[in-house]
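The values are calculated or read from the model by the stated rules, or taken from the named source; none is laboratory data. All values derive from a computational prediction rather than experimental measurement. We place every Cβ from the backbone using ideal geometry, glycine too, and count neighbours over all the protein chains shown. Just so you know, the surface numbers come from the protein's heavy atoms only, side chains and all, with ligands and any DNA or RNA stripped out. Shrake-Rupley method; radii C 1.70, N 1.55, O 1.52, S 1.80 Å.
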Amino acid sequence: MSLDNSNTKPRLMDLIKKTGIVFRHVKLFSKLESEYYYDIKNVEFQPEGIHLLGELLVGEIAQYGAKSVGGLEMGAVSLATAVVMKSTWSGNYNTGLSGFFIRKEPKQYGLEKRIEGNMKPPIVLVDDVLTSGKSVMSAIEAVNKEGYSVKGVVFVIDRQEGESNLLKQNNIKYSSLFKHSDFKSFIEMEIKKKKKKIDSKQR
């Protein structure tokens, strides 16, 4: 199956709006609180969603000249897998990307690895949403302990949280398929609709 690249990003954006944003009060991993949540995992596990994500991430990762892609469990596992598959979609396995994932803690049995798979430099990490970057910094530290460095990090969405961004503070190169500003007006409109519904029920 080949995707129309000119339409891939708008299709993914539409899919995220329909199935990848949850409107409720939540506490994020960064400890920040929000009235909405980017649920990209819900998009990842849809047939169209995983194909669109793989296609677009391969294109974004190309700017870093990567030979392998991975990230922290669990959020990055399906994304890295999609990228590896899409990078070899033509059947040319010699030029495709290798993949790996990083456990939050090393296994306590077997080979007792923290990093599983095939890590080859230049290395790029992927993740679904950038808020503070705390989990990604943990992944970078794990890669560094193996004697490698990370060329860059690619996210599906950057929440644009500003000063709390640890990647900026540590001069880590990163990019994203989308930014919160791409969805801001849609989110504000949906929150207003929800508030109106609640107000009308309370009258």
Only one of these conditions is not met by Val22: (1) surrounded by fewer than 18 Cβ atoms within 10 Å (Cβ to Cβ); (2) free of Cβ contacts under 8 Å to residues at least 40 places away in the same chain; (3) in contact with a strand residue (DSSP E or B) (Cβ under 6 Å, 6 or more places away or on another chain); (4) more than 21 Å from Phe183 (Cα to Cα). Which number is it? (4)
One residue from Glu48, Glu60 being surrounded by fewer than 17 Cβ atoms within 10 Å (Cβ to Cβ) and either within 30 Å of Glu105 (Cα to Cα) or not hydroxyl-bearing (Ser, Thr, Tyr) (or both): Glu48
Say whether the condition of being in contact (Cβ under 8 Å) with a residue 60 or more places away in the chain, open to solvent by 80 Å² or more (accessible area, probe 1.4 Å), closer than 13 Å to Asp128 by Cβ and not in a loop (DSSP other than H, G, I, E, B) is met by at least one residue in region 30-45. yes
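For the condition modelled with pLDDT of 95 or more and crowded, with 17+ Cβ neighbours inside 10 Å, what is the one hit in Phe178, Phe186? Full working, then the answer.
Numbers: Phe186 fails: crowded, with 17+ Cβ neighbours inside 10 Å.
Only one candidate qualifies: Phe178.
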When residues of region 49-84 are filtered for being more than 12 Å from Gly20 (Cβ to Cβ), of a type outside the set (Phe, Trp, Tyr) and assigned to a helix (DSSP H, G or I), how many remain? 20
Provide a single number: the residues in region 104-126 that are among the aliphatic types (A, V, I, L, M) and surrounded by fewer than 18 Cβ atoms within 10 Å (Cβ to Cβ). 1
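Does region 147-166 contain any residue that is basic (Lys, Arg) and part of a helix (DSSP H, G or I)? Give the derivation first.
Within region 147-166, the subset basic (Lys, Arg) is 151, 159.
So of that shortlist, the ones also part of a helix (DSSP H, G or I) come out as none.
Checking region 147-166: not a single residue is basic (Lys, Arg) and part of a helix (DSSP H, G or I).
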Kindly list, by first and then second residue, each pair from a residue in region 139-155 that is surrounded by fewer than 23 Cβ atoms within 10 Å (Cβ to Cβ) to a residue that is aromatic (Phe, Trp, Tyr) and at pLDDT 95 or above, limited to pairs with Cβ atoms under 8 Å and residues at least 6 apart or on different chains. Lys151/Tyr64; Gly152/Tyr64; Gly152/Tyr174
Could you list all residues from region 55-69 that are in contact (Cβ under 8 Å) with a residue 60 or more places away in the chain, under 14 Å from Gly99 (Cα atoms) and small (Gly, Ala, Ser)? Ala66
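Could you grab me the full set of residues in region 85-103 that are assigned to a helix (DSSP H, G or I) and open to solvent by less than 50 Å² (accessible area, probe 1.4 Å)? Don't jump to the end; show me each part of the working.
At the first step, the residues of region 85-103 found to be assigned to a helix (DSSP H, G or I) are 85-87, 93-95.
If the condition is that a residue be assigned to a helix (DSSP H, G or I) and open to solvent by less than 50 Å² (accessible area, probe 1.4 Å), then Lys86, Ser87 are the ones that fit.
Of the residues that sit in region 156-165 and are open to solvent by 50 Å² or more (accessible area, probe 1.4 Å) and within 16 Å of the chain's Cα centre (by Cα), which one is nearest to Asp182 (Cα to Cα)? Break it down into steps so the answer makes sense when it comes.
Filtering region 156-165 for residues open to solvent by 50 Å² or more (accessible area, probe 1.4 Å) gives 160-161, 163.
Filter again for within 16 Å of the chain's Cα centre (by Cα), leaving 160-161.
Details: Gln160: 11, Glu161: 14 Å.
Ranking the candidates gives Gln160 first.
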Anything in region 63-83 that is out of contact with any Lys or Arg (no Cβ under 8 Å at 6 or more places or on another chain) and open to solvent by less than 40 Å² (accessible area, probe 1.4 Å)? List them, or say none. Val69, Gly70, Gly71, Ala76, Leu79, Ala80, Ala82, Val83
